[in-house]
2 protein chains.
Amino acid sequence: MPAAYDQLLAHHREVFLLGSTSALLGWDQETYMPAGAGDVRADQLALLARLQHERVTDPRVAEWLAACEGDAQVMADPDRIANVRGLRRDHDRATRLPAALVAEIAATESRAQQEWAQARARSSFARFRPWLERMVDLQQQKADCLRRDGQSRWDALADLYEPGMNAADLEVLFAPLRQRLVSLRERLSGGDRPDDSFLRVEIDEARQEAFVRAVVTAMGFDLQRGRIDRSAHPFCTGTGGDVRLTTRFHKDNVLDALGSTMHEGGHGLYEQGLSEQHLGSPLGEAVSLGIHESQSRLWENHVGRSAAFWQWCWPVAQQHLGVACAGHDAASVHRAANLVQPSLIRVEADEATYDLHVMVRFVLERALIAGEMPVAELPTQWNALYGEYLGLQVPDDRRGCLQDVHWSCGLFGYFPTYTLGNLYAAQFAAAADRALGGLPDLLRRGDFATLREWLRREVHAHGRRYDPGELCRRVTGAPLSSDAFLTHLDTKLSEVYAL
Amino acid sequence: MPAAYDQLLAHHREVFLLGSTSALLGWDQETYMPAGAGDVRADQLALLARLQHERVTDPRVAEWLAACEGDAQVMADPDRIANVRGLRRDHDRATRLPAALVAEIAATESRAQQEWAQARARSSFARFRPWLERMVDLQQQKADCLRRDGQSRWDALADLYEPGMNAADLEVLFAPLRQRLVSLRERLSGGDRPDDSFLRVEIDEARQEAFVRAVVTAMGFDLQRGRIDRSAHPFCTGTGGDVRLTTRFHKDNVLDALGSTMHEGGHGLYEQGLSEQHLGSPLGEAVSLGIHESQSRLWENHVGRSAAFWQWCWPVAQQHLGVACAGHDAASVHRAANLVQPSLIRVEADEATYDLHVMVRFVLERALIAGEMPVAELPTQWNALYGEYLGLQVPDDRRGCLQDVHWSCGLFGYFPTYTLGNLYAAQFAAAADRALGGLPDLLRRGDFATLREWLRREVHAHGRRYDPGELCRRVTGAPLSSDAFLTHLDTKLSEVYAL
């Protein structure tokens, strides 16, 4: 009879296999699946989700966990402690949710997401409103099952995506950051707007693709253990030896393709950098969405929007993009890549205004989940906050509160992980700069391996060994703050905007 | 509490969902999967196979089946009778196999297949021999679990692939066919060898791909409910709204790409032609491998190698292949497509000698499974039969008894379904010709819809309603024989070879 620890890990490996199978089905759905396969695909995914949930909540898991926690030999081994702690967390969380509620949420999400797509296409909040009301109600029920010891509903949901995250701590981080970003936005509007003509040059998609593949390969994304395909919305899925990125191309905006491919490439390097030995156990899993996003943002913004990177990249761009590069140079393209232009749509936002979009959602979803704001008021409040934070008038709900899929999928407490990712990215990049004797020198000569291996050692290889906050302190010597991010923006944008 | 029939069908839908998920994983493995994903993929597939087996053998299935079989209302409905009969068959068969044997066979197959690939690459039968001995032993054990009422081991295995098939009936079909095919081969060697220079024209792969896609689309393969990709070995997988074909291209043999794509397209039309209403139940499943192969062979050979088809196809070929067509015409290419050339490799064989390859294997695998021939004698016996049936000397085991993957995967009793497919195809094509007032007229004007819809109505739409033999009698008015096949070959090849 194998020891409880071995049984626990073998059992969890099935959860991993089912989860990675779902990930492949999801990837296929967005890349190659024929339209006619949609109904069966939804049923396949629902079945796999149920099989995973059954395994995570299996009563034997509680027995194995208790046996491990009472076994001095197991609890003397740091690896085993970390795995037992991770599986304890997963099990306790999953068992708090009644299967009927899980099923109802899944069924409602599927319908609500379709209704949201219809509502967005018609810019009709009225159409989406009953579905959003239903989703908020279900998420409140879910939060009531999950929350412990006076925890708020929103905090209980947010903890699903970022272990240890809560609204009070976020408010401390976000309030001053919001002020600084609003004032930066106002300040930049008085600077010299960079020449962004490179963003309007038409370039053949095949050339764009060869170019972004060259860059992502140079970053070290391993095509023996991953793929790059196309989809309507770029994403990264999979883990270990099977990591799949997607990208997309616009005829007249190669920097969009480059930025989003480097972004997904950063996610991909994290997944490829997880411990192979621990694949299929918590030590081989990503720790949080915020840390995941830090890896994508670090490569997208701290590498891909830096002057040093463009000194390396410009000849690569010229080689692949040819005549489109005429009349531009590394410095002008670097400036174009750093254009700040407040806009209505989060996913199109620049580095300096992106987090203001997140903060609008952070305010509103807390009010919704706390029951302090009726769903009916969402458009009015949304539009007011866009005026206050971004200085913009929202012309319609399609470009307003209907723009994101998240809430229709039941993702409340998720948006702030995007901003956490930006802050972690800046703090990690600053730590790497110190540890490696200057990032710009490395980037200028195209040495991405030194940074990548540092990230692998310092961040990726730990999997879920440390909580995000603890990981940040270990890697950077300090708790998370917005200092590094603001310093990074101020320094770079003052130069780009000649302030 | 839903009725037993509804519970049974809902339960079987999970088997279908797990099976179709496995099919997608298998497709991905052969098309887009990165090399590094192989180990996890094997574990995912093994888990899904176990989950399917657990469901098929679930003791509740026996209870539901018994309840249905004793329910006069269920047994008054032809659809329900067919579904209950199919699920009874699946359940009884699966429960006869001990889980430990199933697992041991799966594990051995995986190793044996890798060893076979190594052995074939080195042309070393000695290397593969212990693995083949192990596989034969395991398949004998499997057959002993499956067989009933004095059934032979080989018959018990063959019934897995072709319900009702047995060696005695096959021998009655095959013995005279073998004589006729051997004599046809000898006769053709005295005829005028057709000009096959079109088979050596180099054509760009992109042009070949556009051409074969145009043909398969004209056949009616629905790309809203399927895909065409590339793989090392062409195959078709999936069902209903998600049917995936693959094809491959050789620079200098566009007819190979056309033939294999039409072949897989025929499989694909069968899967797309199954009843949508019954998807996920036996009435929505293919009935046997022989009937499946009849659909691929009908399109590949009775359509794609006919003179009438080439009258339609030649302008299509000219449009896509351009200058490569210069100096050829519909008639000359039709003759080139019907070249008979005995060869060592089954998968490269022409229409007139293919079945002789199958018959070699039919003789040898019966002797192996019956324990009448030691594995060590396989190469000698193989080579002797290739001399007798095909008039060829086998130079090495790589081009001899190591050429096929099947036995390393435990597929004994499978090969004859290829020849059954050829015979069913000819008998169905002759019936269609009678029913539709002449196939050549339809093909000459590119009317593939009439034939396709006839096949859908007569064959596809029935799913597993009738056993293959019964289906053949219903569709063609006669039991299966080799008459139609031999008439087809004699008529066409006498003309091509000007005999």
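Readers should treat all values here as calculations from the given coordinates under stated rules, not as data from a laboratory. Model, not experiment: these values are computed from the prediction. So basically every Cβ, Gly included, is an ideal-geometry build from the backbone, and we count neighbours across all protein chains shown.
At-a-glance table
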{"read-out": "Gap separating the Cα centres of region A:259-305 and region B:370-389, nearest whole Å", "value": "56 Å"}
{"read-out": "Mean separation of Cα contacts under 8 Å (6+ apart) over length of chain A, as relative contact order %", "value": "20 percent"}
{"read-out": "Hydrodynamic radius of region B:153-499 per Kirkwood, over alpha carbon pairs, in Å", "value": "20.7 Å"}
{"read-out": "Cα convex hull volume per residue for region B:56-97 (Å³)", "value": "49 Å³"}
{"read-out": "For B:Val243, residues with placed amide H under 5 Å, excluding near neighbours", "value": "B:Gly226, B:Arg227"}
{"read-out": "Average beta carbon contacts from partner chains per residue of A:40-46, 10 Å cutoff", "value": "5"}
{"read-out": "Number of partner chain Cβ atoms within 10 Å, mean per residue of B:29-37", "value": "6"}
{"read-out": "Cα-based reach from A:Lys251 at 12 Å (exclusive), listing aspartates and glutamates while leaving out same-chain residues under 8 positions away", "value": "A:Glu202, A:Asp204, A:Glu205, A:Glu209"}
{"read-out": "Separation of the A:Glu276 and A:Ala3 label points, Cα + 7 Å toward Cβ, nm", "value": "2.5 nm"}
{"read-out": "Cross-link partners of A:Lys142 among aspartates and glutamates (Cα-Cα below 13 Å; sequence separation of 8 or more within a chain)", "value": "A:Glu104, A:Asp155, A:Asp159"}
{"read-out": "Approximate spin-label separation A:Gln393-A:Ala331, in nm, with each point projected 7 Å along Cα-to-Cβ", "value": "4.0 nm"}
{"read-out": "Interchain or long-range residues, amide H under 5 Å from B:Arg230's placed H", "value": "B:Thr247"}
{"read-out": "Exposure proxy order (Cβ contacts within 10 Å, fewest to most) of B:Lys142, B:Lys251", "value": "B:Lys251, B:Lys142"}
{"read-out": "Estimated inter-spin distance, A:Ala175 and B:His250, nm [label 7 Å along Cα→Cβ]", "value": "7.6 nm"}
{"read-out": "Ordering of B:107-116, A:422-431 by burial proxy (mean other Cβ atoms within 10 Å per residue, highest first)", "value": "A:422-431, B:107-116"}
{"read-out": "Likely footprinting exposure, A:Asp229, A:Asp350, B:Asp192, fewest C-beta neighbours within 10 Å first", "value": "B:Asp192, A:Asp229, A:Asp350"}
{"read-out": "HN-Hα J in Hz across region A:456-472 - Karplus 6.51, -1.76, 1.60, θ = phi - 60°, x for Gly and Pro", "value": "4, 5, 7, 10, 4, 4, 7, x, 9, 4, 10, 5, x, x, 5, 4, 4"}
{"read-out": "Debye equation applied to the C-alpha atoms of region A:340-447, log10 I(q)/I(0) at 0.11, 0.16, 0.19, 0.22 Å⁻¹", "value": "-0.45, -0.76, -0.95, -1.19"}
{"read-out": "Inter-chain Cβ neighbour average for residues A:234-244, partner chain, 10 Å", "value": "3"}
{"read-out": "Computed log₁₀ I(q)/I(0) - Debye formula, equal Cα scatterers, no solvent, region B:4-152, q 0.11, 0.15 Å⁻¹", "value": "-0.59, -0.95"}
{"read-out": "Cα extents of the protein assembly as shown along the three principal axes, largest first (Å)", "value": "92, 67, 57"}
{"read-out": "Area projected by the alpha carbon convex hull of region B:181-301, averaged over all directions, nm²", "value": "9.1 nm²"}
{"read-out": "Reachable lysines from A:Lys492, criterion Cα separation under 17 angstrom, eight or more residues apart if same chain", "value": "none"}
{"read-out": "Whole-angstrom Cα spans of region A:251-341 along principal axes, big to small", "value": "52, 29, 25"}
{"read-out": "Helix-only mean residue ellipticity at 222 nm for chain A, each DSSP H run of n ≥ 4 adding -39500 (n - 2.57), per residue, nearest 500", "value": "-20500 deg cm²/dmol"}
{"read-out": "Neighbourhood net charge (12 Å Cβ-Cβ; Lys/Arg +1, Asp/Glu -1) for A:Glu54", "value": "+1"}
